[in-house]
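Just so it is clear, none of the values below were taken in a lab; they were calculated from the coordinates. These figures come from a predicted structure and were not determined experimentally. For neighbour counting, all protein chains shown are included, and Cβ atoms are generated from backbone atoms with ideal geometry for every residue, glycine included.
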Number of protein chains: 4
Amino acid sequence: MNRKLRMGMVGGGIGSFIGPVHRKAAGIDGEIELVCGAFSILPEESIATGAALYLDPSRVYTTFQEMMEKEKKMPADKRIDFVSVVTPNHVHFAPTKLALESGFHVIVEKPIAFSLKEANTLKKLVEKTGLVLALTHTYTGYPMVKEARELIRSGKLGAIRKVYVEYPQGWLSKALEKTGNMQASWRTDPKQSGMGGAIGDIGTHAANLAEYVTGGKITEVCALLNTVVEGRRLDDDTSMLLRFNNGATGVLIATQVAAGEENNLNIRVYGEKGGLEWKQEEPNTLIMKWLDRPKEVVRAGWTYLSAEAKNFIRTPPGHPEGYLEAFANIYRAFTKAVRDYKPGKKVDPAKYDFPDVNDGVHGMAFVETVVKSAGSNKKWIQLK
Amino acid sequence: MNRKLRMGMVGGGIGSFIGPVHRKAAGIDGEIELVCGAFSILPEESIATGAALYLDPSRVYTTFQEMMEKEKKMPADKRIDFVSVVTPNHVHFAPTKLALESGFHVIVEKPIAFSLKEANTLKKLVEKTGLVLALTHTYTGYPMVKEARELIRSGKLGAIRKVYVEYPQGWLSKALEKTGNMQASWRTDPKQSGMGGAIGDIGTHAANLAEYVTGGKITEVCALLNTVVEGRRLDDDTSMLLRFNNGATGVLIATQVAAGEENNLNIRVYGEKGGLEWKQEEPNTLIMKWLDRPKEVVRAGWTYLSAEAKNFIRTPPGHPEGYLEAFANIYRAFTKAVRDYKPGKKVDPAKYDFPDVNDGVHGMAFVETVVKSAGSNKKWIQLK
Amino acid sequence: MNRKLRMGMVGGGIGSFIGPVHRKAAGIDGEIELVCGAFSILPEESIATGAALYLDPSRVYTTFQEMMEKEKKMPADKRIDFVSVVTPNHVHFAPTKLALESGFHVIVEKPIAFSLKEANTLKKLVEKTGLVLALTHTYTGYPMVKEARELIRSGKLGAIRKVYVEYPQGWLSKALEKTGNMQASWRTDPKQSGMGGAIGDIGTHAANLAEYVTGGKITEVCALLNTVVEGRRLDDDTSMLLRFNNGATGVLIATQVAAGEENNLNIRVYGEKGGLEWKQEEPNTLIMKWLDRPKEVVRAGWTYLSAEAKNFIRTPPGHPEGYLEAFANIYRAFTKAVRDYKPGKKVDPAKYDFPDVNDGVHGMAFVETVVKSAGSNKKWIQLK
Amino acid sequence: MNRKLRMGMVGGGIGSFIGPVHRKAAGIDGEIELVCGAFSILPEESIATGAALYLDPSRVYTTFQEMMEKEKKMPADKRIDFVSVVTPNHVHFAPTKLALESGFHVIVEKPIAFSLKEANTLKKLVEKTGLVLALTHTYTGYPMVKEARELIRSGKLGAIRKVYVEYPQGWLSKALEKTGNMQASWRTDPKQSGMGGAIGDIGTHAANLAEYVTGGKITEVCALLNTVVEGRRLDDDTSMLLRFNNGATGVLIATQVAAGEENNLNIRVYGEKGGLEWKQEEPNTLIMKWLDRPKEVVRAGWTYLSAEAKNFIRTPPGHPEGYLEAFANIYRAFTKAVRDYKPGKKVDPAKYDFPDVNDGVHGMAFVETVVKSAGSNKKWIQLK
């Protein structure tokens, strides 16, 4: 396919945070062209967004249904290849489902759906259609996260014993949702966000990161879920003890009331022979710790890195890449899978290294299990 | 009392880690003179230690009982003023008790005793005699820890919401106790260490630090206690969820199998208006985080610090003080209390700012509660 | 102009480092479309590059002369708006000159030309045509660099006294140019690189950063220029003392033989009332130092920043932006100027905040002055 | 000599900064006993200081002449072993000379004297008497500085190419000497401080550190010396280019007007194969940089360190040592040399690892050469 891939977007209108992030990420590598969108349920907002993006007005739609309908009928040399879904949580499921049913590949914001049941519906649809679905668990797009995974996979740390993962933010320390802040409003509204507040919004990123890096799966949780800010309708803080299927134990912290914190996602893993540490706010650095020799500072861009990390690096050492590039890496892997796609042939997400529908299903199960644990006097609740 | 205070030491013979630490700490401020000791239960070791310390051989004893007995009878211008107890855990109680009964003030390594019951016995004895007892919870001796406490006390962070405290070490990642390492041996031996391994050795430091800094008390714990290294007889790893009496919740991590970690004790506290962060390995720095303005890097030695911190600082900004100075600060506060001591007059440890017998009792209760929680299927266990 | 701007590229073929950087940077904000290029003097390489970029083969040229010629004649709705020049140093001048003469705006890699004379020719041409010319002194594209400049401009530091700027790299510690490394080859070849090695390649970035941040101009230098690696034909290391027109003095270090360093460009400025520090490898952080209160950690993304910095930020606090985004900021400012361009109306680069032809002229004068100083026994040489 | 060494002090009365530092440092290891002193030229201050230090009033003197005189006549079992000279710069020479003439070993604050001539006089006296003289260039007492030297000595970095050493302070950013600040007053007074301000006070520390770590000697300087604060009588800021006898070149910065800086002494050295970095404000960490593998974080306390570093470490990894311990290390080395001293046998300072009279002479020559260079239009001035 000797051309840019054509992308249509659902959501991402004026005031959106994640829409522009997706568009910028998709623009970095020069592999994707945004050609249409249904950017908002308010027609004038969708039109204004399309105009600001220099789109052909005839391909700016007012509903995602209209978009799928019309794009499906376009000639092959104009029609979109895939849909990017960047709406609030409660509008992830429907456009994703319709895109798949319309024969389009999909890249969708996390969480994949509003409930475990919906997530499973999408899983079946992906299996049935064979289409490519990527979920933007952005943080596993960072090359040094991939390097961490490779170092653990290779056995350098020995058997994993401890996993500490945290995602502290401070931006919801006050009742920002009462001040008209759009990001705060939908995230604290159960109707738009789902059953989880902080746990769904950022706790799932932390859990996903822990499992991605260690290769283990969380099997049991013992969780505390708080609503710290008075009057808030969802949790804004969680801490939990974890058990993994490989015998490791750990702690997960996710909070939006850690005043003064930005997006301090971080992970520390310890094995028999060593440990490692990575922080999203300094993403090009990976610290390796050893039992009997100096700590090492592994850095993006060096030739000594694994191929798995190097595939996703654009700049030489010391020229930092950031969040948009991590995001672009999900698009990069997704794009390659879409280019390789052949009807009837199964795509293996692990080969391209992007989060897929199974991560989406697992994430929904995680949120439901944590909510259950938080409401229980029983110490440990199983995550299936 | 226009002279140096005279100290006698119990424990701290050859191979001891903490004995030399106490002696160096006691030597820094020029207020204390070591004049006698019962350094080991092996007479030749006690004698050799005394000689290496240039002590009068007639005041090098082979048992602490002999030491108390003989020193008690010395003339007032030669007799020790206080005893420093630096033995392994199971020999804290007896010499401390005998010292108090012999009329000597005591500075004792933590844990104060082997059980909550013993701790309470000492508490009664302190109350009865009015003598000064200090417990070397070293880390609260750091000036920036005191500054953190003052900043919280002053209300700068608002009501406290979250407390994360950690003490990760890596030195017991292997079965070091089987290689003849004396420090590892007694710490993993229930007969010498007590019912807690990591939880008693370092978990208590973490809990003490959290309570000292925030001014709150832990009221409930939900704990996981692991013995990670095969064949070890005590826990070497713990994680727990915490509830405090001021409504805050938190997480405590203490582990000795975090491969590559040194003594990475650290605390983060978040309130309504801001947060703070302190790390023992960079002890002269205190990070303050705010909701709507830049983080601040509060540093030892500056004139802007509180009097409570400045009382315990010896050097100007940028000339770092360390662990021995923190230790010396416990001695400094204790020494002042001893100098102010008047029979019949009650000493207020808070005035001098040293950990006292109540911290000792509380620490023993904490260990017992965590062990109970770890063995229970009930989510939360109360700490009384 | 309700469409994307159309860009043509000169240079940036296979093996190029900076070509892909420009293309990615130009792609981030969705304002620019690459439509043609003369990517290499080797026709097959130019064609292969164009194909890899999904360009219309009819617009992939083999010389920049051909490109200008043909594009000039295109209809207005297809013709490029500007040219991006990303060739090695010795091929900056000719295509830039021709582009201006052909009526195209230009964004050109630094150094602007091969000599001060050439640079002045371009300056006259810009003045004559009124076209927009931007020079990619990337590092001033970082938002925190802009914040630093604003803080100094506002007088928060008082009169500036000291400026320390460094650009240490380690990648030329060995004779990499003898191993076939293309980047090393042209950079150490006087015919392709010009009279300066490290001084031209990275020293100019350091000088530009110092002047941009402080608002002062370097008036005198006292320089040491070394060729550390045996057999190298240009300097690979320089250090110099500086005097500024505002009374400040300083030190500039630029070296490519600081083994183990990546791209550790950094600047520290001290004034009467405070100081600041910024490092390219952690570009989202700006440290402010004060005479009598805690250091502050100013961070990208916060609302407290100046409008001048916020105009160039894409992500919220803690979601790091990096080198490509800094680069994209030069394109962002340049693009706005091009969109505002009206024939006959003078463009003010300061309004848009991009490095312009005057920076190019000054940079050439700087290199020539340093080389002169290095060869002189006189202590100070004036920079005019 | 099975007893503590007996120390007499000259200087260090009320208001002194360095006197208490010496006393605390001397107290840490339990090898030294302060028995007498001439603490101030004001008799009442000397008496008050002696009382505060619990000294026998009969051994508190009002002049150093009286002290030497009387101590010399004491019986061998009471007489001091050595003198510690902690007066302002202009009173270093006389008591040091008299101490040596009186048969006492000496540990003296830097600079060793007021002029190169005086320094040479002391050198001859040391050679003649064979007595031990140590100079407190404190910073080479840090164990990680010793480790850095060992790593370079061992050839791990290859031939040394670049040396960057800095000592930025901010405390003299204002005319503090006009506010009654005693430390600022004498340091900015040529009569008490000598011909150098910042260059003598802290520049010499930087030069000494650079030579100690690299094993090279500075042979040429090209210096800029400023008096930044109006009305000040000595330089408060210096920068210079350096040439070393081993072919390396470098930069030395020393300033007291870097607003907001504390005592940010730091050094970076680069060789053919790697580099290293050390900062006094985080003294337990040494960063090693390599051409083709990750940076390493070498930390105090680990078993992997050289014997030369381990000899001067008191605590396990992660229990930080600081400035007082570095200072105590000068005393530790000096004390060992004094204990080993035998009349007629030459002491080798390198064996014990303390700065000696040759460092003192070289330091004076360095100051004189820098002052000469600063006043010259010639680029390079030789340091002999």
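Mind checking which of D:108, D:35, D:214 is farthest towards the positive end of chain D's charge dipole, using Cβ charges of +1 (Lys, Arg) and -1 (Asp, Glu) about the Cα centre?
Farthest along the dipole direction, towards plus: D:214.
Could you tell me which trypsin sites (Lys or Arg not before Pro) in region A:182-228 are loop residues by DSSP with no more than 15 other beta carbons within 10 angstrom of their beta carbon?
Numbers: sites: A:187, A:191, A:217; in loops: A:217.
Hits after loop and neighbour filter: A:217.
Please give the average number of partner chain Cβ atoms lying within 10 Å of the Cβ of each residue in B:43-54, rounded to a whole number. Write down the numbers at each step before the final one.
Numbers: counts 0, 0, 0, 0, 0, 0, 0, 0, 1, 2, 3, 8.
The per-residue average across the peptide is 1.
Just report the Cα centroid separation between region B:291-308 and region A:109-151, whole Å.
Centre-to-centre (Cα) distance: 44 Å.
Going by alpha carbons, how many degrees (0 to 90, nearest 10) lie between the helix axis of A:143-153 and the longest principal axis of chain A?
Helix A:143-153 sits roughly 50 degrees off the main axis of chain A.
Taking each residue in C:284-294, count the Cβ atoms of any other chain within 10 Å of its Cβ, then average. What number comes out? Spell out each step's value before the answer.
Values: counts 5, 4, 1, 4, 4, 8, 5, 6, 7, 6, 14.
Shielding by partners across C:284-294 averages 6.
Give me a single rounded figure for D:158-165: the average over its residues of other chain Cβ atoms within 10 Å of their Cβ.
Details: counts 2, 1, 0, 10, 10, 0, 7, 0.
Neighbouring Cβ atoms belonging to other protein chains average 4 per residue here.
Once both axes come from the Cα atoms, what is the angle between helix D:204-214 and the longest principal axis of chain D, in degrees from 0 to 90, rounded to 10?
Orientation of helix D:204-214: about 60 degrees from the principal axis.
Sum -39500 (n - 2.57) across every DSSP H segment of at least 4 residues in chain D, then divide by the residue count to get the 222 nm mean residue ellipticity, nearest 500.
Details: 13 runs with 129 residues, N = 384.
Dividing the helical sum by the residues of chain D leaves -10000 deg cm²/dmol.
Treat the count of other C-beta atoms within 10 Å as a stand-in for reagent exposure and order C:154, A:185 from fewest to most. Write out the running numbers ahead of the final one.
Details: C:154 9, A:185 16.
Listing C:154, A:185 from fewest to most nearby Cβ atoms yields C:154, A:185.
Give a quick list of chymotrypsin sites (Phe, Trp or Tyr not before Pro) in region A:49-95 that DSSP marks as loop, anything other than H, G, I, E or B, with at most 15 other Cβ atoms within 10 Å.
Numbers: sites: A:54, A:61, A:64, A:82, A:93; in loops: A:54, A:61.
The qualifying sites are A:54.
Roughly how tilted is helix B:116-129, in degrees to the nearest 10 and between 0 and 90, from the longest Cα axis of chain B?
60
Could you order peptides C:114-123, A:248-257 by the average number of other Cβ atoms within 10 Å of their residues, highest first?
The packing order, highest mean first, is A:248-257, C:114-123.
In debye to the nearest 20, how big a dipole does region B:1-138 give about its Cα centre with +1 on each Lys and Arg Cβ and -1 on each Asp and Glu Cβ? List each step's numbers first, then the result.
Working: 17 positive and 15 negative charges, 67 e Å.
With Lys and Arg at +1 and Asp and Glu at -1, about 320 debye.
Based only on other Cβ atoms within 10 Å, what is the fewest-to-most ordering of D:291, B:125? Before the final figure, lay out each step's value.
Working: D:291 15, B:125 18.
Lowest to highest Cβ neighbour count: D:291, B:125.
Once the cut-off is 38 Å, how many percent of the Cα-Cα pairs in chain B end up in the long-distance tail? If you can, show how the numbers build up before the last one.
Numbers: 12311 of 73536 pairs.
Every Cα pair in chain B considered, those over 38 Å come to 17 percent.
Provide the percentage of antiparallel DSSP beta bridges, counting only those with both residues in region D:5-131; round to the nearest 5. Kindly include the intermediate steps, with their values, before the conclusion.
Details: 0 of 15 bridges.
DSSP beta bridges in region D:5-131 are roughly 0 percent antiparallel.
How large is the Kirkwood hydrodynamic radius of region B:177-248, in angstrom, based on all distinct alpha carbon pairs?
On the way: mean 1/r = 0.0747 Å⁻¹.
Its Kirkwood hydrodynamic radius stands at 13.4 Å.
State which entries of C:310/C:346; C:124/C:379; C:73/C:345; C:174/C:378; C:97/C:372 exceed 30 angstrom in Cα-Cα distance in the structure shown.
Numbers: C:310/C:346 26 Å; C:124/C:379 33 Å; C:73/C:345 24 Å; C:174/C:378 32 Å; C:97/C:372 27 Å.
Distance filter (> 30 Å) returns C:124/C:379; C:174/C:378.
Looking at the protein assembly as shown, what % of its DSSP beta bridges pair antiparallel, to the nearest 5? Could you put the intermediate results ahead of the total?
Details: 156 of 256 bridges.
Taking every DSSP beta bridge with both residues in the protein assembly as shown, the antiparallel ones total about 60 percent.
Around residue A:151, what is the net charge, scoring Lys/Arg as +1 and Asp/Glu as -1 over all other residues with Cβ under 13 Å from its Cβ? Please report the intermediate quantities before stating the final value.
Details: positive: A:146, A:149, A:153, A:156, A:273, A:289; negative: A:147, A:150, A:277, A:296, A:308.
Taking every Cβ under 13 Å from that of residue A:151, the sum is +1.
What is the ratio of the Cα radius of gyration of region D:96-221 to 2.2 N^0.38 Å, with N the residue count, to two decimals? All intermediate terms of the calculation are to be shown ahead of the outcome.
Values: Rg = 17.3 Å, N = 126, 2.2 N^0.38 = 13.8 Å.
The value comes to 1.25.
As a test, work out the antiparallel percent of DSSP beta bridges whose residues both lie in chain D, rounded to the nearest 5. Walk me through the numbers before you get to the answer.
Values: 37 of 62 bridges.
Just about 60 percent of them are antiparallel.
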